[in-house]
Amino acid sequence: MRVLKHLLEKNENWAAGIKQQDPDFFKRLSNQQSPEYLWIGCADSRVPANQIVDLLPGELFVHRNVANVVVHTDFNCLSVLQFAVDVLKVKHIIVVGHYGCGGVKAALTNSGFGLLSNWLRHVQDVRDKHASVLNALPSDSDRADRLCELNVVEQVGHVCQNTIVQEAWARGQPLSVHGWVYDVADGLLRDFGLCITSEAERQPVQEAALAELIARPVRAGLTKG
Ligand code: ZN
């Protein structure tokens with residue numbers, strides 16, 4: 001089928017529904033966007049950024065890739081980050097991992113996915129860095145869940161270390177970097193108390209969050225729902 005009629009129909013209904021509640025909604029949005037948040041999450045179809053935090057178009061700037069990885073030389077991610085921080089002046093960057101992440105599982109078990117295996121090498125670096133923590137867990141399922149959590153802590157560190165965020169902090173721009181994990185099994189986000197708001201906080205807060213995370217059972221965020 002060359003035309004995805006059902007999706008176009010769904011789109012018409014969706015737009016009509018929004019216009020019914022707020023006739024000027026799209027007209028307003030067409031002039032500018034001013035989101036307060038940048039979401040860096042996994043490309044997994046079960047983790048749709050706006051829906052999870054119940055935000056409308058215009059309220060969330062989004063970058064997604066397999067296993068929510070922030071690589072220092074990834075110009076795709078860095079371009080999103082720069083636009084979000086320097087132009088949109090978002091106040092919060094949220095790195096969101098998720099339990100049941102196929103990318104993280106593949107990285108954990110060395111499952112081959114061709115080209116993707118090279119991308120997942122970044123998650124394997126996190127795995128290898130925390131090998132003793134992961135090896136102490138009783139099952140592959142626990143190890144995968146913990147690696148999802150550790151990967152978020154690591155990627156939050158990468159967000160904080162790049163020049164875009166460093167320069168924003170240096171000029172006094174208010175900017176917080178958070179790390180969350182979403183559970184596809186219950187639709188809820190877990191907050192691990194990881195929130196970094198300055199270069200001075202970066203290392204101590206990241207290290208404290210990591211120590212607290214490792215001391216807690218797998219999947220036990222500070223808030224559950
Ligand atoms: Zn995933």
I need two numbers for region 20-86: Rg to one decimal and Dmax as a whole number, Cα atoms only, in Å.
13.7, 44
Sulfur and carbon atoms: percent of accessible area, region 35-215 [1.4 Å]
55
Residues whose placed amide H lies under 5 Å from that of Tyr182, excluding near-sequence neighbours:
Gly97, His98, Tyr99, Arg190
Spacing of the two label points (7 Å from each Cα toward its C-beta) at Glu199 and Thr73, in nm:
2.4
Label point distance in nm, Leu8-Thr109, each placed 7 Å from Cα along Cα→Cβ
4.1
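Based on the Cβ-Cβ distance from Ser139 to Ala185, what FRET efficiency comes out when R0 is 22 Å, to the nearest 0.05?
Numbers: r = 16 Å, r/R0 = 0.73.
Rounded to the nearest 0.05, the efficiency is 0.85.
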Cα-projected label distance for Asp86 with Arg28, points at 7 Å along beta-carbon direction, nm
3.0
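I'd like to check one number: the per residue accessible area of region 146-195, probe 1.4 Å, reported in Å² as a whole number.
Working: 1560 Å² over 50 residues.
On a per-residue basis, 31 Å².
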Folded to 0 to 90 degrees: helix 5-21 orientation relative to the chain principal axis, Cα:
80
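Just to confirm a number: summing +1 for Lys and Arg and -1 for Asp and Glu over residues other than Glu12 whose beta-carbon lies under 14 angstrom from that of Glu12, what do you get?
Values: positive: Lys5, Lys10, Lys19; negative: Glu9.
So the environment of Glu12 carries a net charge of +2.
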Please sort 107-113, 72-78 by packing, taking for each peptide the average over its residues of neighbouring beta carbons within 10 angstrom, highest first.
107-113, 72-78
Trypsin sites (Lys or Arg not before Pro), restricted to region 123-225: which are DSSP loop and have at most 14 other Cβ atoms within 10 Å?
Arg171
For region 35-215, with the dipole built from +1 on Lys and Arg beta-carbon atoms and -1 on Asp and Glu ones, taken about the Cα centre, which of Leu81, Ser141, Val96 lies farthest toward the positive end?
Leu81
Interchain or sequence-distant (5+) residues whose placed amide H lies within less than 5 Å of the amide H of Gly193 are Leu222
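Using just the Cα positions, wrap the chain in a convex hull and report its mean projected area in square nanometres, one decimal place. Spell out each step's value before the answer.
Values: hull surface 58.6 nm².
That works out to 14.7 nm², a quarter of the Cα hull's surface.
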Could you give each residue of region 105-119 its phi-based ³J(HN,Hα) in whole Hz, using Karplus coefficients 6.51, -1.76, 1.60 with θ = phi - 60°, and x for Gly or Pro?
4, 5, 5, 5, 9, 6, 6, x, 10, x, 3, 4, 4, 5, 5
Considering only Gln33, Gln82, Gln51, give the residue with the highest GNM mean-square fluctuation for the chain, with springs between Cα atoms whenever their separation is below 10 Å.
Gln51
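The values are calculated or read from the model by the stated rules, or taken from the named source; none is laboratory data. Just so it is clear, the structure is predicted and the values come from calculations on it, not from any experiment. Note that we place each Cβ from the backbone using ideal geometry, even for glycine, and neighbour counts take in every protein chain shown. The protein model used for the area step is the full one, side chains on, heavy atoms only, and it has no ligands, DNA or RNA in it. Shrake-Rupley method; radii C 1.70, N 1.55, O 1.52, S 1.80 Å.
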